[in-house]
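Below is one structure, written out as structure tokens; the observations come after it.
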Amino acid sequence: MRINIFKFIIAIIIIAFAFSSCQSTNQDKTIKADSSENSRSKWWKEAIVYQIYPRSFKDANGDGIGDLKGIISKLDYIKSLGINAVWLNPIYSSPNDDNGYDISDYRNIMKEFGTMQDFDSLISGMHQRGIKLVMDLVVNHSSDEHDWFKQSRSSRANPYRNYYHWWDAERGKPPYRYSLFDINHYAWKYDSPTNAYYLHYFSRKQPDLNWENPKVRQEVFDIMKFWANKGIDGFRLDAFQFVAKDTTFPAFPNGFEKDFVKYYGIGPHLHDYLHEMNNEVLSKYDVMSVAEGAGNSFADAHDLVDSNRKELNMAYAFDGVDIANSKGYSLLHFKEVFTRWDSAFADNGWLSIFLANHDQARMVSRFGNDSPAFREPSSKMLTTFIMTMRGTPYYYNGDELGMSNAGFTKIEDYRDMPTLNEYQHQKNIGGDIQKFMKEIQFSCRDNGRTPFQWDSSTNAGFSTGTPWIKVNPNYKTINAAAEENDVNSCLNYFRKIVKLRKDNPVLVYGKYELLDKTNPNVYAYTRTLAGKKFLVLLNFTSKSSSANTGIDLNKARLLIDNYAESSTGGMLKPYEAMVYDISL
Ligand code: GLC
Ligand code: CA
């Protein structure tokens, strides 16, 4: 019944998800040279989404917790990045068992984060700056402190009883279901007031909503309308691939949890529910939609986002971000996965491109090299990758500074609920705690949640109080203020490459082609659209390396390079990234 730590961490990664959107001025202009569905221009395809983790971004009132006023105070910084959409992690009322992913009131703002008035100022401040706002919608489950659940658990006859999944105890023990966050990995919690078990794929404080009940769906659509009427621009549907369930709860084979997405993902009526959501809400507003997770196959992913089916806009799949683990990863594998996904979506359906989010350790520590010599170039190189692929980039706050893993060594420094539960679980079963600590040091999502490093003052300028999670001690050198003043910083490189993408539709819509496929060190590809052709060369290693592209670089025009002194003759420096215009 127990899964290993690696699987556990992968599980967290799989759950994560997202989507979002963005903006552009060209609403429905068609790029002529290509008639495929994917060449049709949409603001959410041209968007560059910047993900803000509100708890860790900026604390305005000194209580150690980031808040909406903090974000408002940094809107000019956000605008200065050049991005045009923000995906905000949940800011609704919540007892914070899972940092806002356990919602107790979907129409109110979490006390620690501020008020609805703050929210209104935030959205208008964003819109004034041409930035769209994508909100997290967490409706696979609610908090156990939501009024619906309080009612539901109070009596079997309560009208809210069927808002959740219950298994009456006189039927015996329910068929085993695996929980991603529970101390015992067990997803049914016995509740004595009604002598029944309720289902929770995540923590005990996150009971799963019963989507099979039309009233639940109507409640969710009403919540979505409430926020859409406030003017938000999109929804990221948290853990949405899990919402539909076979409520007869058939037994699953032993060990199913090793491959739980196969059993939990894209349940019986998921597409019907999405279609209904599209019909009731999404089609009535100019909002983008993206669900976390894309099922088990390309067919699943396509079905979610095929525009003819009228469900969602974009797929957010985990195959790419899952490649790296504490043992590293192979570039050949990386190329293979991203190329396979690109070709599956070449003509129809649209993808997100990302290497990090709030459920991951830091991008540069997982996919690059966070040693002092290579942190900057490798971080910029990965940024170049994200900004030059087809699909909508989702870029996690702090990565533009090259922020790296904090790598806490003491369990007391961790805050992440599933990690703390798993620690307890390992203790209970006599697991290898040292191994566990090593693993989380590298992969725990708290690595990506340490406070944003604004400057070299106390607490990195994040808070005047005691931050809810420790600041990474490297903030004295890695921080926005220092990088602002350095033309060659990660921050200024990020601004340049964002501009390059925005100025060149070829980077958004252009056909992707992999070159020098078997090269284990360099990722080389072209993007082509309407007579424009760009070549991207990325050295993923700490050694000088070259690519065999067959392209004469003497005739190429260098557009951007992550080194101040560019290489010539095709030999790339460690982690060098170069983008050329090779249009004839
Ligand atoms: C998603 C979120 C993650 C959260 C989980 C449960 O995966 O990205 O942060 O813990 O859902 O809501
Ligand atoms: Ca605060």
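Placing +1 on each Lys and Arg Cβ and -1 on each Asp and Glu Cβ, with no other charges, gives the chain a dipole about its Cα centre of roughly 700 debye.
Quote the relative contact order of the stretch 147-199 in percent (integer), defining contacts as alpha-carbon pairs under 8 Å separated by 6+ residues.
Details: 70 pairs, mean separation 18.0, N = 53.
The normalised contact order for the stretch 147-199 reaches 34 percent.
Since only CYS444, PRO372, PHE318 are under comparison, the one whose Cα sits farthest along the positive direction of the charge dipole of the chain, derived from C-beta charges on Lys, Arg, Asp and Glu, is PRO372. The calculated Kirkwood hydrodynamic radius for the chain is 24.3 Å, given to one decimal from all distinct C-alpha pairs. Amide H contacts under 5 Å for ALA315: TRP350, LEU351, SER352, restricted to partners 5 or more places along the chain or on a different chain, H placed in the peptide plane at 1.01 Å from N. Descending by average beta-carbon neighbour count within 10 Å, the peptides 304-314, 482-492 line up as 304-314, 482-492, the highest first.
With a simple spin-label model that places each label point 7 Å from the Cα along the Cα-to-Cβ direction, the separation between LYS79 and LEU584 comes to 4.5 nm.
In the context of the full set of protein chains, the stretch 324-433 has a per residue accessible area of 29 Å² (1.4 Å probe).
Centre-to-centre, using Cα atoms only, the stretch 163-182 and the stretch 71-112 are separated by 32 Å.
Packing here is the average count of other Cβ atoms within 10 Å per residue, and on that basis the peptides 558-566, 251-259, highest first, run 558-566, 251-259. Accessible surface computed residue by residue for the stretch 511-581, with neighbouring protein chains in place and a 1.4 Å probe, gives 47 Å² per residue.
Other residues whose C-beta falls under 15 angstrom from the C-beta of ALA169 contribute a net charge of +3, scoring Lys and Arg +1 and Asp and Glu -1. Considering only alpha-carbon pairs that sit under 8 angstrom and 6 or more positions apart, the relative contact order computed for the chain is 14 percent. Judged by the mean number of other Cβ atoms found within 10 Å, the most tightly packed of the peptides 515-526, 373-384 leads the ranking 373-384, 515-526. Three principal axis extents describe the C-alpha atoms of the stretch 370-486; from largest down they are 50, 40, 28 Å. Note on the stretch 511-581: semi-axes of the ellipsoid equivalent to its C-alpha gyration tensor, largest first and rounded to whole Å, are 19, 14, 10.
Each residue of the stretch 550-555 is assigned a 3J(HN,Hα), and the resulting list reads x, 9, 7, 6, 5, 8 Hz, derived from the Karplus form 6.51 cos²θ - 1.76 cosθ + 1.60 (θ = phi - 60°), x at Gly and Pro.
For the chain, what % of the accessible area comes from carbon and sulfur atoms, probe 1.4 Å? Write down the numbers at each step before the final one.
Details: 10210 of 21160 Å².
The value for the chain is 48 percent carbon and sulfur by accessible area.
With respect to the chain, whose longest principal axis is taken over its alpha-carbon atoms, helix 433-443 is tilted by about 50°.
Pop the C-beta distance of TYR329 and ASN308 into the FRET formula with R0 = 45 Å and round what comes out to the nearest 0.05.
Working: r = 36 Å, r/R0 = 0.79.
Working from the Cβ atoms, E equals 0.80.
Which of rounded, prolate or oblate describes the stretch 469-548 when judged by the alpha-carbon gyration tensor and an a/c cut-off of 1.5? Here the stretch 469-548 falls in the oblate category.
Rounded to the nearest 500 deg cm²/dmol, what is the calculated helix-only ellipticity per residue at 222 nm for the chain, with -39500 (n - 2.57) per DSSP H run of length n ≥ 4?
Values: 19 runs with 172 residues, N = 584.
-8500 deg cm²/dmol, from helical runs alone.
Give me the net charge of THR339's neighbourhood, meaning all other residues with Cβ under 10 Å from the Cβ of THR339; Lys, Arg count +1, Asp, Glu -1. Please report the intermediate quantities before stating the final value.
On the way: positive: LYS335, ARG340, LYS517; negative: GLU336, ASP342, GLU513.
Taking every other residue near THR339 into account, the sum is 0.
Tell me the per residue accessible area of the stretch 147-199 using a 1.4 Å probe; a whole number in Å² is fine.
Numbers: 2280 Å² over 53 residues.
Ligands and nucleic acids excluded, the figure is 43 Å² per residue.
When DSSP assigns beta bridges and you keep just the ones with both residues in the chain, what percent turn out antiparallel, to the nearest 5? Write down the numbers at each step before the final one.
Values: 38 of 63 bridges.
Roughly 60 percent of the DSSP beta bridges within the chain come out antiparallel.
The values are calculated or read from the model by the stated rules, or taken from the named source; none is laboratory data. Predicted, not measured: the structure shown is a model, and the values here were computed from it. Don't worry about glycine lacking a Cβ; one is built from the backbone with ideal geometry, like all the others, and counts go over all protein chains shown. Keep in mind that these areas ignore ligands, DNA and RNA; they rest on the heavy atoms of the full protein, side chains included. Shrake-Rupley method; radii C 1.70, N 1.55, O 1.52, S 1.80 Å.
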